[in-house]
Amino acid sequence: DVKVTQSSRYLVKRTGEKVFLECVQDMDHENMFWYRQDPGLGLRLIYFSYDVKMKEKGDIPEGYSVSREKKERFSLILESASTNQTSMYLCASSLGTADEQFFGPGTRLTVL
Amino acid sequence: AQSVTQPDIHITVSEGASLELRCNYSYGATPYLFWYVQSPGQGLQLLLKYFSGDTLVQGIKGFEAEFKRSQSSFNLRKPSVHWSDAAEYFCAVGAGNYQLIWGAGTKLIIKP
């Protein structure tokens, strides 16, 4: 069965902390994505990666960076967390350029 | 510009009644179309997808959707809803550049 896992379901951090969110997929997918989801705003793409060490900005990359050193792992980094980054973060992966995306369970991040 | 519109933010339906969730898209080429469901606190799960062929697509959990090119629509239907269908539903279009374009979602509320 296809699986995308995220390192934490819930995370509480303080303003200014560096935060790492990890995502791992076991499907040998080329593409991986990080979204944030806020009530009434749907899913907004932060970054995506179509190959190891490759990354592309999405719609809201400010305040975030990503790392993809291995095909199965895609990390989202908040260099200095702020309260407006409190949100649900969803990781996804896909095989081709227009294929369905498979999602992890999400990480609910609270920044105090 | 490419876009997906889900005109209903909330829909309330009685248990056992039929359901139709609307999705309209704006996309220049033949789209790849998806419906996802998100149960409270969970990631997104694919309900069904349309790539080509028969315009009536069957999905999981008794859902179906019909692609109507002339109306740029891909509405989701279910003949009889169950309380467990209460969730948020997202329509998405495959843009052919690795990304999906997402609607804002429709929250389905089931009345007993």
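Some notes on this structure:
- Dipole magnitude for chain B: about 80 debye, using +1 per Lys or Arg Cβ and -1 per Asp or Glu Cβ, origin at the Cα centre.
- Partners for A:LYS55 among lysines (Cα-Cα distance below 24 Å; same-chain residues under 8 apart left out): A:LYS3, A:LYS18, A:LYS70, A:LYS71
- Taking every residue in B:91-99 and counting other chain Cβ atoms within 10 Å of its Cβ, the average works out to 5.
- Theoretical FRET efficiency, 1/(1+(r/R0)^6), r = Cβ-Cβ of A:ASP51 and B:GLU15, R0 41 Å, to 0.05: 0.30
- Lys, Arg +1 and Asp, Glu -1 on Cβ, resulting dipole of chain A about Cα centre, debye, nearest 20: 460
- Given R0 = 22 Å, the distance between the Cβ atoms of A:ARG14 and A:ARG44 translates into a calculated FRET efficiency of 0.40.
- The Cβ shell under 12 Å around A:LEU11 holds other residues with a net charge of +2, Lys and Arg each +1, Asp and Glu each -1.
- When restricted to Cα atoms, chain B yields an Rg and a Dmax of 13.4, 43 Å, respectively.
- Nearest-0.05 FRET efficiency for A:SER67 and B:GLN71, computed from C-beta distance (R0 35 Å): 0.25
- In this simple spin-label approximation, B:LYS107 and A:GLU22 carry label points 7 Å from Cα along the Cα→Cβ vector, and these lie 3.4 nm apart.
- Here the Karplus relation 6.51 cos²θ - 1.76 cosθ + 1.60, evaluated at θ = phi - 60°, turns the backbone of the range B:41-49 into coupling constants of x, 10, x, 8, 10, 6, 8, 6, 8 Hz, with x for every Gly and Pro.
- Expressed as a whole percent, the accessible area of the range B:3-111 that falls on carbon and sulfur atoms is 48 (1.4 Å probe).
- Ranked packing of B:34-46, A:56-68, most packed first, by mean Cβ within 10 Å: B:34-46, A:56-68
- Surface per residue (accessible, 1.4 Å probe) for chain B, Å²: 48
- Rotationally averaged projected area of the range B:22-69 (alpha carbon convex hull; nm²): 4.0
- With a 10 Å cut-off around each Cβ of B:30-39, the average count of Cβ atoms from other chains is 2.
- Local electrostatic count at A:GLU69 - Lys and Arg +1, Asp and Glu -1, tallied over other residues with Cβ under 13 Å: +3
- Equivalent ellipsoid, the protein assembly as shown (semi-axes from 5 times Cα gyration tensor eigenvalues, Å): 30, 21, 15
The values are calculated or read from the model by the stated rules, or taken from the named source; none is laboratory data. Since the structure is predicted, the reported quantities are computational estimates derived from the model, not experimental observations. Glycine also receives a Cβ, built like all others from the backbone with ideal geometry; neighbour counts cover every protein chain displayed. Side chains included, ligands, DNA and RNA excluded: accessible areas come from the protein's heavy atoms. Shrake-Rupley method; radii C 1.70, N 1.55, O 1.52, S 1.80 Å.
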